[in-house]
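Student: One structure, pasted below without further comment.
The values are calculated or read from the model by the stated rules, or taken from the named source; none is laboratory data. What you see is a predicted model, and the numbers here were worked out from it, not measured in a lab. In this analysis, Cβ positions are derived from the backbone assuming ideal geometry, glycine residues included, and neighbour counts consider all displayed protein chains.
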Amino acid sequence: MDSKELIDMLNRDFADEHAAIIRYLVHAYQEGEDTPMGASLLSRSREEMWHMHWLGMIIGRLGGEPTFVPGPYPFDPTSRATLLKSYIEYEKKLIPHYHDEAEKVDDPHIRRVLHREAWESEIHARRFQRLLDKLSPEDARGLPKGGFELPPTFLETLQAELNSKYNEMLQHLRLSWLSQKEANRGWALMDQSMEKMKQLALFAEAVAEDGAAPRMKPGDVGAGQGMVQVLHKALGDVLESLGRHTRLQDDAEFKKHSGLVIKMDLAVQQESWQAEEMKDWLK
């Protein structure tokens, strides 16, 4: 298998892991992070993030460009039971898939990563089966429900901010994987991407609590562009977010939600810090 074929294969796997992250995250926020179901789904999504990270690191090391369009993730939304059965089926299909791919690869590290993806998928399937087995008949038939109390325009504002943070996170992840030769810079970018994940949760939790599915759609993450060009865009995105969020802190509807207010106070501080860091990198 030549380098291009290997990068293409890994990018398909990358897209599959990306799809799983979004599916489990959305469901976790809809259930609520403080519920057993929500907490378990959130743990699975974080593990899928590591899977995506391993693949992104390898693609970057090979000189490739990570493809951020998620793959398809078929699921039956009829009930909690049908959702979990969909997850079990999806994870089980990945087990032979990753083992088969590993046998096609010469690089021992990549081969080990693919085998690890396989056995962690098996563990995920077993964990989802355990969740399914523990559901009461009533919970198995049901679906998470929200309050539907937020004004539609405010809900749309939260959705837009959520999606903005999602794309900022992807942008920073891409740069971290392409900056492996600059270890300190790569880790600093990864750290900022994790902060953006926490900021994403700020909006996603509020959206899901209101009964809507959080929206995460990849946009322009600077694919094919160099470090300096993308850092300039990333800095501009952070400064724009900082401006929007500072104004949002004064919004009458926003002030009604004390949990959002506290989290936004932290997010604004983080964004100010991120902007100063990136300004230094660009000097």
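Student: Being surrounded by 20 or more Cβ atoms within 10 Å (Cβ to Cβ) and within 21 Å of the chain's Cα centre (by Cα) narrows it down to one residue among Gln270, Gln171, Gln180; which is it? Outline the logic, then answer.
Tutor: On the way: Gln270 fails: surrounded by 20 or more Cβ atoms within 10 Å (Cβ to Cβ); Gln180 fails: surrounded by 20 or more Cβ atoms within 10 Å (Cβ to Cβ).
Just a single option satisfies the conditions, and that option is Gln171.
Student: Right, here's the next one. Tell me the residue from Ala188, Ala201, Ala223, Ala212 that is out of contact with any strand residue (DSSP E or B) (no Cβ under 7 Å at 6 or more places or on another chain), surrounded by 17 or more Cβ atoms within 10 Å (Cβ to Cβ) and assigned to a loop (DSSP other than H, G, I, E, B), please.
Tutor: Working: Ala188 fails: assigned to a loop (DSSP other than H, G, I, E, B); Ala201 fails: assigned to a loop (DSSP other than H, G, I, E, B); Ala223 fails: surrounded by 17 or more Cβ atoms within 10 Å (Cβ to Cβ).
Selected residue: Ala212, the only one of Ala188, Ala201, Ala223, Ala212 that is out of contact with any strand residue (DSSP E or B) (no Cβ under 7 Å at 6 or more places or on another chain), surrounded by 17 or more Cβ atoms within 10 Å (Cβ to Cβ) and assigned to a loop (DSSP other than H, G, I, E, B).
Student: Restricting attention to region 112-157, and to residues there that are surrounded by 16 or more Cβ atoms within 10 Å (Cβ to Cβ) and of a type in the set (Ser, Thr, Tyr), which single residue is farthest from Lys256 (Cα to Cα)?
Tutor: Ser121
Quick grid of which residues meet (1) in contact with a Lys or Arg (Cβ under 8 Å, 6 or more places away or on another chain); (2) closer than 24 Å to Met197 by Cα:
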| position | (1), (2) |
| --- | --- |
| Met1 | yes, no |
| Leu10 | no, yes |
| Leu25 | no, yes |
| Thr35 | no, yes |
| Ser43 | no, yes |
| Gly56 | yes, yes |
| Val69 | no, yes |
| Glu91 | no, yes |
| Leu94 | no, no |
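Student: Go through region 47-85 and report how many residues are closer than 22 Å to Lys145 by Cβ and assigned to a helix (DSSP H, G or I). Don't jump to the end; show me each part of the working.
Tutor: Our first condition is that a residue be closer than 22 Å to Lys145 by Cβ; within region 47-85, this holds for 75-85.
After this cut, where a residue has to be assigned to a helix (DSSP H, G or I) as well, the list is 80-85.
Qualifying residue count, region 47-85: 6.
Student: Go through (1) under 28 Å from Leu41 (Cβ atoms); (2) among the β-branched types (Val, Ile, Thr); (3) at pLDDT 90 or above and name the single condition Thr246 misses.
Tutor: (1)
Student: If you take the residues in region 215-263 that are among the charged types (D, E, K, R) and more than 23 Å from the chain's Cα centre (by Cα), which one is nearest to Trp177 (Cα to Cα)? Break it down into steps so the answer makes sense when it comes.
Tutor: Pass one, region 215-263, residues among the charged types (D, E, K, R): 215, 217, 220, 233, 237, 240, 244, 247, 250-251, 253, 255-256, 263.
Next, only the ones that are more than 23 Å from the chain's Cα centre (by Cα) stay: 247, 250-251, 253, 255-256.
Numbers: Arg247: 33, Asp250: 37, Asp251: 37, Glu253: 39, Lys255: 38, Lys256: 40 Å.
Ranking the qualifying residues of region 215-263, first place goes to Arg247.
Student: Which members of region 226-265 meet the condition of being surrounded by 13 or more Cβ atoms within 10 Å (Cβ to Cβ) and polar (S, T, N, Q)?
Tutor: Ser241, Thr246, Gln249 - these are the residues of region 226-265 that are surrounded by 13 or more Cβ atoms within 10 Å (Cβ to Cβ) and polar (S, T, N, Q).
Student: OK, next. Taking region 239-270 only, how many residues are charged (D, E, K, R) and under 12 Å from Leu202 (Cβ atoms)?
Tutor: Filtering region 239-270 down to residues charged (D, E, K, R) leaves 240, 244, 247, 250-251, 253, 255-256, 263, 265.
From what's left, under 12 Å from Leu202 (Cβ atoms): 263, 265.
The qualifying residues number 2.
Student: Cβ contacts < 7 Å: first residue under 12 Å from Leu6 (Cβ atoms), restricted to region 102-124; second residue modelled with pLDDT of 95 or more and outside any helix (DSSP H, G or I), any location; separation 6+ or different chain. Result?
Tutor: Once the first residue is under 12 Å from Leu6 (Cβ atoms) and sits in region 102-124, its partners that are modelled with pLDDT of 95 or more and outside any helix (DSSP H, G or I) give Arg111/Val105; Leu114/Val105.
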